[in-house]
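Read through the structure below, which is laid out as structure tokens, and then see the notes.
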Ligand code: ADP
Ligand code: MG
């Protein structure tokens, strides 16, 4: 899906839209690597790694050799359980953490170094955090929160501060703006606070928003409004967004591409519908089996055993092998390569690897083979789709120009 031409960005950034698909095949790169590391990306991590030193116990392998490209004007979701390294990856993208190894590319060039470079980078790549209450200062009103970043970066050539404030609040659907400018964080609902946090990020006129679980602390009833706000920023302004979530249904609703993380690594990445309707990695299948499904009255538990492994001593080979119903000998010995299972769809699983060096027993898979079935898949379905696709996702896709009803949210928590 390409972003609609829209009316252009009110702040005049004039983002290009829909130019990147994340599936380009870069010369000299493996096709699988190229699928996640597209040359057209606005922002890209290449084999980025973060190990947190943990004294004598070694190091927490929070993110290991992750390559992920954020194409222009698209929403990329990272989905994974708690502790899988999602926030660490977001903080690496935001340059709030120094990578242990690996590289960040902005517009295909290494992220600018030095103080000035970091400042330019921070202005283009803004982060929105999970807890809007913690990220706003209770003693200051909305005007205060938005004025500083506007003055530093955001006032257009001839713009006045009042116009810029009004335009920002209108972009996040907090209207009438005069009313909201005077309000303090405690006077706002959770959704309104998150809108102020998003407005503050937008004030510096970024090209990329990194949204780390932006709705998971909000009431279910107001989550959709925030997701639609993000969808609108992509649709109307061509904003490039990284949406981080543990909820694969919301990723399917919002994102163009989904990357699934497990225990610090990327296990599968593809267009959102392909990940949710034709998942190929056993872990993605497990995640989907636990997603809410209106056709299944009983909530599914994550089958297989255990939880995300300790990242102090991650399992050898494939990190998912201790939980995987398909584990073979090779899985505990060698990490699986990312293999392209369909155009733009990569999966890091020995079931899909074109060559299995350690054992001849592993069957070679063709692209048109039905994907793997979890042995104890509660849906009991066999065939091309491992489980009923999210035919009735908890949300339906946003429509262009849909209103957000933000101003009508009751003040409260
Ligand atoms: P997620 O956002 O997916 O829940 P995180 O990125 O927050 O995962 O954490 C991944 C792993 O890294 C966890 O084991 C977490 O405890 C560890 N971790 C995160 N930040 C730090 C830190 N500053 N120091 C040490 N370990 C950390
Ligand atoms: Mg997190």
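Computed from the coordinates by the stated procedures, all read-outs in this text should not be read as laboratory data. These numbers come from a predicted model, not from an experiment.
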Answer rounded, prolate or oblate for the range 61-152, using the Cα gyration tensor with square roots of eigenvalues a ≥ b ≥ c: rounded when a/c is under 1.5, else prolate when a/b is larger than b/c, else oblate.
-> oblate
Computed lengthening from residue 182 to residue 216, 0.36 nm per intervening residue step minus Cα-Cα distance = 9.6 nm
Please state, to two decimals, what the Cα-based radius of gyration of the range 56-115 comes to when divided by 2.2 N^0.38 Å (N = residues).
-> 1.25
In cubic angstrom, how much convex hull volume per residue do the alpha carbon atoms of the range 147-253 span?
-> 105
Square roots of 5 times each gyration tensor eigenvalue, C-alpha, the range 214-270, largest first, Å | 21, 16, 8
